Number of protein chains: 2
Amino acid sequence: MTADQVLTVRGDAELIARAGHLFTGAKHEFVCAARDLNTWSLPSARQSISSKMLAASEVGFAVNKLLSPVALTDEAARLHLRQVMSKGARVRISSTQLPYETIIIDRRVMILAGRDAPVQREFTVTTSPTLVGGVYALFQAAWATATDLAAYFHGDVPHLDADSLTVLRALGAGHTDETAARQLGLSLRTYRRRVAELMAKLEADSRFQAGLRVGELRLNE
Amino acid sequence: MTADQVLTVRGDAELIARAGHLFTGAKHEFVCAARDLNTWSLPSARQSISSKMLAASEVGFAVNKLLSPVALTDEAARLHLRQVMSKGARVRISSTQLPYETIIIDRRVMILAGRDAPVQREFTVTTSPTLVGGVYALFQAAWATATDLAAYFHGDVPHLDADSLTVLRALGAGHTDETAARQLGLSLRTYRRRVAELMAKLEADSRFQAGLRVGELRLNE
DNA sequence: AACGCGATGGCAGCAAACTGCCATCGCCCG
DNA sequence: CGGGCGATGGCAGTTTGCTGCCATCGCGTT
């Protein structure tokens with residue numbers, strides 16, 4: 001594969017055989033966008049990255065993972081995420097699905113994995129500066145506004161159930177409690193109870209502060 | 001170019017000659033990520049898109065443009081953006097730079113333009129489902145959280161002077177009005193007057209709604 | 001069927017927020 | 001200096017929000 005070539009392979013074995021040499025020796029950065037941590041593993045790259053991350057004193061080596069909300073759906077996944085983060089990786093959660101896995105190593109090599117296939121998964125590998133650079137820029141745009149997972153684990157991002165979301169939307173409309181309660185078919189007392197619960201979840205002492213947190217964390221989407 | 005091939009060309013003329021046929025006849029969607037509206041124009045694709053957009057009654061044809069903050073730096077640029085939007089395009093502003101232009105047509109054809117070059121600009125064109133799908137997913141992730149420009153132009157982003165910012169920060173701390181007023185060295189009446197003025201600027205009918213708008217629009221940064 | 005428990009709804013008392021009114025102050029201009 | 005005007009501050013009346021209390025209801029379990 002020449003400097004500007006693009007290589008398409010099918011299956012893990014072919015990927016390793018024809019392009020494995022590109023993935024070892026990551027020096028500066030490993031960025032990855034994926035649905036969750038389980039979609040795909042590339043053994044040699046993972047080994048290379050793991051040894052880098054174990055050398056915690058290594059300055060300047062960044063691991064940034066952009067995952068979809070599916071990555072947080074169960075407790076085992078969240079535990080795994082905590083482990084990855086404790087090794088120095090930074091994780092952010094996108095608001096969209098990310099059905100394709102994209103890996104960029106040292107802004108030089110890019111691997112794109114097709115959707116999970118029943119037989120052989122298709123991978124595209126490239127060192128084209130235009131392709132790598134363009135995709136990296138889009139990754140950066142998505143990364144910049146994705147939710148930082150450290151904040152989630154530090155309890156800064158509350159989980160809101162359907163009741164809370166309903167109340168939140170009513171509050172966001174700016175109505176009085178009486179009007180909002182009537183619109184939701186609740187008694188005023190129940191509506192206010194819901195509001196108080198939402199405020200507790202948001203750790204907010206005033207309605208302005210509550211609205212601020214919702215807006216900043218984009219909890220109303 | 002076969003179905004899974006990737007084509008790299010240099011210069012506009014070569015791009016048109018070898019791949020121009022791919023760009024005409026857009027049927028459903030045109031998405032573009034770029035620094036601003038002036039970085040690059042592809043004549044045949046632009047013509048095709050313009051005629052689609054002029055046929056305003058055409059149902060289901062979407063034009064989504066993700067631009068960097070540079071796109072808003074001067075009045076001429078903003079006027080141009082208004083024109084593009086009046087023709088039915090949706091525009092959002094990313095928080096990052098987007099130095100590469102990425103175009104995806106009907107989720108089938110992708111064009112990636114390299115950085116502006118002194119001589120011949122490099123373009124990469126592909127119909128590879130893995131490449132197009134992967135990049136499209138990243139575009140979606142970035143698009144989802146980018147700032148909608150229609151809101152900006154509809155005056156939804158108020159300008160806050162120093163007094164309003166001071167009050168806003170006090171409100172964000174969650175204190176009662178009495179405490180906040182005392183901390184700011186104002187009488188309660190004046191503080192409340194300031195709060196009412198801020199609410200009017202935010203067009204908010206409740207404190208929650210005001211906080212929400214501040215948080216969403218990142219006015220407290 | 002009876003019981004327990006959590007959720008709901010009505011009411012009351014209180015706190016917080018909203019705003020009009022009017023006096024006062026500070027600043028600027030003639 | 002006097003007058004005008006905008007901003008401030010105190011007060012009062014009103015509205016909205018907060019929460020405890022208690023009765024009732026609905027659901028699940030034994």
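Test A:HIS175 against the criterion of being out of contact with any Leu (no Cβ under 9 Å at 6 or more places or on another chain), more than 15 Å from DNA strand C (Cβ to nearest atom) and in a loop (DSSP other than H, G, I, E, B), and give yes or no.
Taking the combined requirement at face value, the residue does not satisfy it.
Among the residues of the range B:180-192, are any buried (at least 20 other Cβ atoms within 10 Å of the Cβ) and outside any helix (DSSP H, G or I)?
No: the range B:180-192 contains no residue that is buried (at least 20 other Cβ atoms within 10 Å of the Cβ) and outside any helix (DSSP H, G or I).
Identify, from the list A:SER206, A:SER128, the residue that is surrounded by 16 or more Cβ atoms within 10 Å (Cβ to Cβ) and touching a His at 6+ places or on another chain (Cβ under 9 Å).
Selected residue: A:SER206, the only one of A:SER206, A:SER128 that is surrounded by 16 or more Cβ atoms within 10 Å (Cβ to Cβ) and touching a His at 6+ places or on another chain (Cβ under 9 Å).
Return only the number of the condition from (1) within 16 Å of DNA strand D (Cβ to nearest atom); (2) of a type outside the set (Lys, Arg); (3) buried (at least 20 other Cβ atoms within 10 Å of the Cβ) that B:ALA137 does not satisfy.
Against the list (1) within 16 Å of DNA strand D (Cβ to nearest atom); (2) of a type outside the set (Lys, Arg); (3) buried (at least 20 other Cβ atoms within 10 Å of the Cβ), B:ALA137 comes up short only on (1).
Just checking, which of A:LEU98, A:LEU54 is modelled with pLDDT under 80 and either of a type in the set (A, V, I, L, M) or open to solvent by 70 Å² or more (accessible area, probe 1.4 Å) (or both)?
Checking each option against the conditions leaves just A:LEU54.
Can you confirm whether B:LEU112 is touching a residue at least 60 places away in the same chain (Cβ under 8 Å) and away from DNA strand D (no atom under 14 Å from the Cβ)?
Here the answer is no, as B:LEU112 does not meet what is asked.
Of everything in the range A:165-179 that's open to solvent by 50 Å² or more (accessible area, probe 1.4 Å) and near DNA strand D (Cβ under 8 Å from one of its atoms), which residue is farthest from the chain's Cα centre (by Cα)?
Once the filter is applied, the top-ranked residue is A:GLU178.
Looking only at the range B:184-202, count every residue that is touching a residue at least 12 places away in the same chain (Cβ under 8 Å) and either within 13 Å of A:PHE208 (Cα to Cα) or within 10 Å of chain A (Cβ to nearest Cβ) (or both) and tell me the total.
3
If I ask for residues that are near DNA strand C (Cβ under 9 Å from one of its atoms) and not aliphatic (A, V, I, L, M), which ones from the range B:206-221 would you list?
Matches in the range B:206-221: B:SER206, B:ARG207.
State all residues of the range B:12-32 that are surrounded by 16 or more Cβ atoms within 10 Å (Cβ to Cβ) and basic (Lys, Arg); if no residue qualifies, say none.
None; the set is empty.
So B:ALA170 clears everything in (1) more than 13 Å from chain A (Cβ to nearest Cβ); (2) within 16 Å of DNA strand C (Cβ to nearest atom); (3) assigned to a helix (DSSP H, G or I) except one condition, right? Which one?
Checking B:ALA170 against (1) more than 13 Å from chain A (Cβ to nearest Cβ); (2) within 16 Å of DNA strand C (Cβ to nearest atom); (3) assigned to a helix (DSSP H, G or I), the one that fails is (1).
The values are calculated or read from the model by the stated rules, or taken from the named source; none is laboratory data. All of these numbers come straight from a predicted model, not from anything done at the bench. Methodologically, a virtual Cβ is constructed for each residue, glycine included, from the backbone with ideal geometry; neighbour enumeration extends over all protein chains shown. Areas reflect the complete protein model, heavy atoms only, side chains present, ligands, DNA and RNA absent. Shrake-Rupley method; radii C 1.70, N 1.55, O 1.52, S 1.80 Å.
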